[in-house]
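A short write-up of the structure that comes next.
The values are calculated or read from the model by the stated rules, or taken from the named source; none is laboratory data. The model shown is predicted, which means the values in this text are computed figures rather than measured ones. Here the Cβ is made from the backbone with ideal geometry for all residues, glycine too, and neighbour counts use every protein chain on show. Accessible surface areas use protein heavy atoms only, side chains included; no ligands, DNA or RNA. Shrake-Rupley method; radii C 1.70, N 1.55, O 1.52, S 1.80 Å.
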Amino acid sequence: MRGYFADELLLMLPLYDAPGVRLRGEVLGTHRGPLALVLTEEAGRTDEIVLDLTDVRFISNSILDILSVLARRLVPPQCLLVKARADLELRERTAARGWNEIGTVRLEES
């Protein structure tokens, strides 16, 4: 399988079962550009863009900021669905960025 992006810290792969992308490793601020590009491309193809973070060990606040910007640019019925493990503590971190008020983003923690 060919990935969208890879470096020593992050592997970005297309999902097999849904439109979207799966990330593995550590997601740092330097990954904002490639991630924004991939998610923007996905938004042009589908209404529900899935971002699977279940294999992510760390995600920087600047990545959460860019996800907030991208979600605000989506037009309903489009939606960014972020799947993550609870130990990333995204519920608290995204609430501080106003995700509770953005109708085009959903967080599913497991």
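Which one is right for this structure if Cα Rg over 2.2 N^0.38 Å is calculated from it: (1) 0.96; (2) 1.58; (3) 1.39?
Checking each listed value against the structure points to (1).
Where Lys and Arg each count +1 and Asp and Glu each count -1, what net charge lies around CYS79 among other residues with Cβ under 11 Å from its Cβ?
Around CYS79, the charge tally is -1.
Could you please state, rounded to a whole Å, how far the C-alpha centre of region 53-79 is from the C-alpha centre of region 2-35?
13
Leaving ligands and nucleic acids out of the surface, order GLU89, GLU42, GLU48 by accessible area at 1.4 Å, largest first. Don't skip to the answer; put the middle values down first.
Numbers: GLU89 110, GLU42 10, GLU48 75 Å².
Ranked from most to least accessible, the order is GLU89, GLU48, GLU42.
Taking all protein chains in place and a 1.4 Å probe, what share, in percent, of the accessible surface of the chain do carbon and sulfur account for?
Result for the chain: 51 percent of the exposed heavy-atom area is carbon or sulfur.
Probe radius 1.4 Å, ligands and nucleic acids left out: which of ARG73, ARG91 has the largest accessible area, and how do the rest follow?
Most to least solvent-accessible, the answer reads ARG73, ARG91.
How large is the accessible surface per residue of the chain, computed with a 1.4 Å probe and reported in Å² as a whole number?
Heavy-atom SASA per residue in the chain reads 53 Å².
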